[in-house]
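Working notes, structure below.
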Amino acid sequence: MEQAIVYLVPAMGIIGLIVMAIKSAWVVKQDPGDANMVELAGHIAKGAMAFLKAEWKILFYFVVIAGIILAWSGTLVPNSSWIIAVSFVIGAVLSAFAGYLGMNIATKANVRTTQAAKTSLKKALDVSFTGGSVMGIGVAGLAVLGMGSLFIVFYNMFVVSTGGDVNGAAMATALEVLAGFSLGAESIALFARVGGGIYTKAADVGADLVGKVEAGIPEDDVRNPATIADNVGDNVGDVAGMGADLFGSYVATILASMVLGREIVSNDNFGGIAPVLLPLVIAGMGLLFSIISTFFVKISKDTDSVQGALNKGNWISILLTVSASYFLIDYMLPAGELVLSRGGSIAFTKMGVFGAVVIGLIVGALMSAITEYYTSMGKRPVNSIIKQSSTGHATNIIGGLSLGMESTVAPILVLAAGIYGSFLSAGLYGVAIAAAGMMATTAMQLAIDAFGPIADNAGGIAEMSGLPKEVRERTDILDAVGNTTAATGKGFAIASAALTALALFAAYVGMAGIDSIDIYKADVLSGLFVGAMIPFIFSSLAIAAVGRAAMDMVNEVRRQFREIPGIMEYKAKPEYEKCVEISTKASLREMVAPGAIALLSPIIVGFAFGPEVLGGMLAGITVSGVLMGIFQNNAGGAWDNAKKSFEKGVMINGKMEYKGSDAHKASVTGDTVGDPFKDTSGPSMNILIKLTSIVALIIAPHISEGDGHGHVQIKAEDIKVTQEITHEDGKEIEKIVTVTINK
């Protein structure tokens, strides 16, 4: 039975990839429209692929160099191996492939969604959401297949073949090597997310500032030289970047739960590895339920709520996962008490573990709901920005910033309650398994998220092709919902990052041979402050990069309007490739510095100041990064939908305001400021949090104060032995020996 359930995990991943292929084939069979639409879509696909190839070329050198360093370092400590480099390379390759899968289908689904929108909103939703589900199912399928297969290999290599203890050094080595897979995935995710985010926002800002504000032409007008680069950016940032991002998040969450599960002694029917296997099986099961739930995302007529259809699919996947988790946990975990030896040594039962899974799913649902409230059109937060746009650009900015700050309150309270509740349910393992439960429905979450950029591209193609007004109206409905789902997806990702980071933090403490992080110590408190600063400098670099690239884009668009006669009269075609080239070069150049900060800061602090100071830094990065991520994602999403509200008309102080009004121009400025918030620096926070924790976990054996497995090394001078002898009638009747360890 043990062998059967171990091999069931990669089998579920294979099923996911088969379903992905079937859905992808269905999308490709749909009508792509007329020759002009196909040509425009071809420009977008060509630009997106050119960016990915250029990015992969740079990342190839990074992966090779990092792999060599990991292989060498793996031979320096007893509880690692040079094979960690192989694991790292596989994780990096699958992460890049996950991004490619999403981008490939998105560049095919966009034009087909445009063509479907000629018929009905229902048909357009079917095509765009199926395209999104290809990405979601593909990413989750690759993660489950990769993690499940590598665990089988490493478990047999380091534990079974050596007769090692499943709770001891042998399993710790297997999981340390498996951590290389997560490091590879998160490293590529960071560069893909930051690079793609810089690309898309440089093009978007340039297109908006010169096209909409200066030239007074629509956002996706074919006359705008930056419009192709803008649509390419939707794919490389919001699709390929998001695909690699959630692939890395998925893997990191599973890994954290497995590392903590090793420290639970379990008298189960699976050779004692049930707590390690459980998060893998939950992930595979969540993938299957997400596939089932995609078939419920339907509307019957154009007046039905698209958001309601997406929410229905999401809730079905959550409820199915909760129901099945009860029986799965009851089947896999033994009766009686389980204990994770660290973090307060809380004893818990298998129903406590189920309670933690439920808490994780509730936290994920609440985080999505809160984010939806703060970023949806028609709700109080977005309406407040609309109202403040009537008094100018400055008040719009003030309104968006204050709203973003306010939006951190409810999510943090939910997150704090979720952390504490899951800890009470099953200790630190409960916190990790809560994150695994939350991420179990990643395939559905990513499908909902990815359909937005597809709809956005579809609207752009409709505008550039000069299609009838009703076509653009239908794609705009999907696009507006897509803005909200993108924001909720980012809220979901940052919540999972917080839970996963705490679990990785706990795993790091054990591997580093320390018992606690004492902020009463000056050096540890200093590390805490340095860690809290890192998300700020990371965001600064990312936003400044967008600003510099956008300046280049603005100058290029102005040059073309000035030097190419006939563009505004549709007599000459803009040089789209020039703008694509500017975004590509800028994004690849500017992604290096933020990536270096994330990868090198834990290494420098860990080796220079020791594991406890590094622990303080990780705590600072986690708390600061979560707040920064929520603030930037929600402010940017609210600014975007405030701008989009003017397209249908809004009532401000008893007067209807539309596109082109002064209030609308102020909202465009707010959206321009919010673009790098929500699409570059904000969504990168969750990767930053997890990547620094994974790097710390991998270097932990090298900086450990103990033997690298949570066991502290004791020196002779730390031991004091005393004895107390009791006599009666001159005879020794009792001797009490006390051993005191000063450690």
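For Val63, the conditions (1) touching a His at 6+ places or on another chain (Cβ under 9 Å); (2) modelled with pLDDT of 90 or more; (3) of a type outside the set (Ser, Thr, Tyr) are fulfilled apart from (1).
Has region 74-90 got at least one residue that is crowded, with 20+ Cβ neighbours inside 10 Å, at pLDDT 90 or above, out of contact with any helix residue (DSSP H, G or I) (no Cβ under 6 Å at 6 or more places or on another chain) and part of a helix (DSSP H, G or I)? Looking through region 74-90, at least one residue is crowded, with 20+ Cβ neighbours inside 10 Å, at pLDDT 90 or above, out of contact with any helix residue (DSSP H, G or I) (no Cβ under 6 Å at 6 or more places or on another chain) and part of a helix (DSSP H, G or I). Exactly one residue out of Leu178, Leu125, Leu150, Leu190 is within 18 Å of Gly261 (Cβ to Cβ), in a helix (DSSP H, G or I), open to solvent by less than 10 Å² (accessible area, probe 1.4 Å) and of a type in the set (A, V, I, L, M, F, W, C): that is Leu178.
Sort through Ala41, Ala45, Ala11, Ala25 and tell me the only one that's open to solvent by 20 Å² or more (accessible area, probe 1.4 Å), modelled with pLDDT under 90 and more than 23 Å from the chain's Cα centre (by Cα).
When all the criteria are applied, what remains is Ala45.
If we scan region 87-109, do we find a residue that is polar (S, T, N, Q), under 30 Å from Thr162 (Cβ atoms) and without any contact (Cβ under 8 Å) to a residue 12 or more places away in the chain? Scanning region 87-109, I find no residue that is polar (S, T, N, Q), under 30 Å from Thr162 (Cβ atoms) and without any contact (Cβ under 8 Å) to a residue 12 or more places away in the chain, so the answer is no.
Going by the conditions given, is Leu145 touching a helix residue (DSSP H, G or I) at 6+ places or on another chain (Cβ under 9 Å) and open to solvent by 10 Å² or more (accessible area, probe 1.4 Å)?
Values: touching a helix residue (DSSP H, G or I) at 6+ places or on another chain (Cβ under 9 Å): yes; open to solvent by 10 Å² or more (accessible area, probe 1.4 Å): yes.
Against the criterion (touching a helix residue (DSSP H, G or I) at 6+ places or on another chain (Cβ under 9 Å) and open to solvent by 10 Å² or more (accessible area, probe 1.4 Å)), Leu145 qualifies.
Which one is nearest to Ala240 (Cα to Cα) among residues in region 195-219 that are assigned to a helix (DSSP H, G or I) and out of contact with any Asp or Glu (no Cβ under 8 Å at 6 or more places or on another chain)?
Looking only at region 195-219, we keep the residues that are assigned to a helix (DSSP H, G or I), and these are 195-215.
Narrowing further to those that are out of contact with any Asp or Glu (no Cβ under 8 Å at 6 or more places or on another chain): 199, 209-210, 213-215.
On the way: Tyr199: 12, Leu209: 25, Val210: 27, Val213: 29, Glu214: 31, Ala215: 31 Å.
It comes out as Tyr199.
Yes or no, residue by residue, for (1) among the β-branched types (Val, Ile, Thr); (2) crowded, with 24+ Cβ neighbours inside 10 Å:
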| site | (1), (2) |
| --- | --- |
| Phe247 | no, yes |
| Leu278 | no, yes |
| Ile292 | yes, no |
| Val297 | yes, yes |
| Gly308 | no, no |
| Thr321 | yes, yes |
| Ala324 | no, no |
| Val339 | yes, no |
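Residues are listed down the side, and each one gets a yes or a no for (1) at positive phi; (2) modelled with pLDDT of 90 or more; (3) not polar (S, T, N, Q):
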position	(1), (2), (3)
Asp640	no, no, yes
Lys644	no, no, yes
Gly654	yes, no, yes
Ser661	no, no, no
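Just checking, does region 371-379 include any residue being among the aliphatic types (A, V, I, L, M), free of Cβ contacts under 8 Å to residues at least 40 places away in the same chain and either open to solvent by 40 Å² or more (accessible area, probe 1.4 Å) or part of a helix (DSSP H, G or I) (or both)? Spell out how you get there, then give the answer.
Applying the first criterion (among the aliphatic types (A, V, I, L, M)) to region 371-379 yields 377.
When the remaining residues are screened for being free of Cβ contacts under 8 Å to residues at least 40 places away in the same chain, the result is none.
Looking through region 371-379, none of the residues is among the aliphatic types (A, V, I, L, M), free of Cβ contacts under 8 Å to residues at least 40 places away in the same chain and either open to solvent by 40 Å² or more (accessible area, probe 1.4 Å) or part of a helix (DSSP H, G or I) (or both).
Matching residues to (1) free of Cβ contacts under 8 Å to residues at least 12 places away in the same chain; (2) under 30 Å from Ile254 (Cβ atoms); (3) surrounded by fewer than 24 Cβ atoms within 10 Å (Cβ to Cβ):
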| site | (1), (2), (3) |
| --- | --- |
| Leu467 | no, no, yes |
| Val471 | no, no, yes |
| Thr475 | no, no, no |
| Thr484 | no, yes, no |
| Gly491 | no, yes, no |
| Ala495 | no, yes, no |
| Leu499 | no, yes, no |
| Ala506 | no, yes, yes |
| Met511 | no, yes, no |
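The values are calculated or read from the model by the stated rules, or taken from the named source; none is laboratory data. Quantities reported herein were computed from a predicted structural model and do not represent experimental measurements. In this analysis, Cβ positions are derived from the backbone assuming ideal geometry, glycine residues included, and neighbour counts consider all displayed protein chains. Only protein heavy atoms, including side chains, enter the accessible area calculation; ligands, DNA and RNA are left aside. Shrake-Rupley method; radii C 1.70, N 1.55, O 1.52, S 1.80 Å.
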